[in-house]
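Heads up: the structure comes next, in structure tokens.
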């Protein structure tokens, strides 16, 4: 049989890698996994994850995004193999709107959302008709309104679940004005507002002083907003998924999270160190 030279060379290289030719010990198969994350501090965290994964035969190729809507679309279109940026209420809203077949496969961290102000030092000090900024995407707006309710600023109608909107406010004693802004903008607008509910990652990017300017924060215990690694449903049982999750859920990754996020973002998998 006449084997073409390129194929013969590739076959010879594979045999060397598997120890069938020459003296190499074992077959080392390297798989590339494309992961989408948000730009910023997460890039430092994923350098540690990638180093862990490399020891297990996986090359992690990270793609960064600045828009929350893009990583799920890229995953659904198979431009990514996994992403790591979202919590379950956000994914549920995306699935309802876009019918994605995307599933969570392993927790990463939790970023307790906070209410910040440069004009008052407490929730009680908020003035009548105060302007309060909230993120305008469904899951994070719901999260913001639930935080305002938990701190007595507003009351929501019964049965609103995890995705209330401003239309669900049933009581507003101080007549606060809810300003719906893009999640990436609300933190930067804090100087023009009386207060703003801002996701932790965007608060850091906006230069908000955490915890000095925080006047309220959601509870960490039982928090439903833990972030996770997500994949297409058809890949959920693939061997590389388990390896990727295990590469993330390591003590050195927990240390990286606490370091790069200055202790305001916490590892969220079971048994993860918190300091």
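Read-outs: derived from the displayed coordinates by stated rules, not from any lab. Computed from a prediction, not measured in an experiment: that's the story for all the values here. So basically every Cβ, Gly included, is an ideal-geometry build from the backbone, and we count neighbours across all protein chains shown.
Of note:
- The stretch 114-217: C-alpha gyration tensor shape, a/c 1.5 cut-off, then a/b vs b/c: oblate
- The chain: angle of helix 138-150 to the longest principal axis, Cα-based, in degrees nearest 10: 40 degrees
- Nearest-ten-degree value, helix 239-248 long axis tilted from longest Cα axis of the chain: 50 degrees
- Using R0 = 35 Å, the C-beta based FRET efficiency linking residue 127 and residue 262 works out to 0.70.
- Take every DSSP beta bridge whose two residues both sit in the chain; close to 55 percent of them are antiparallel.
- Förster radius 22 Å - calculated FRET efficiency between residue 99 and residue 43 (Cβ-Cβ, nearest 0.05): 0.15
- Computed over the chain with a Gaussian network model linking Cα atoms closer than 10 Å, the most mobile of 112, 89, 224 is 224.
- Rounded tilt (10° steps) of 41-54 against the dominant C-alpha axis of the chain: 30 degrees
- Residue 246/residue 78 FRET efficiency (R0 25 Å; Cβ-Cβ; nearest 0.05): 0.60
- Based on DSSP H segments of at least four residues, each scored -39500 (n - 2.57), the chain has a per-residue ellipticity at 222 nm of -9500 deg cm²/dmol.
- Share antiparallel - DSSP beta bridges, the stretch 114-217, percent rounded to 5: 55 percent
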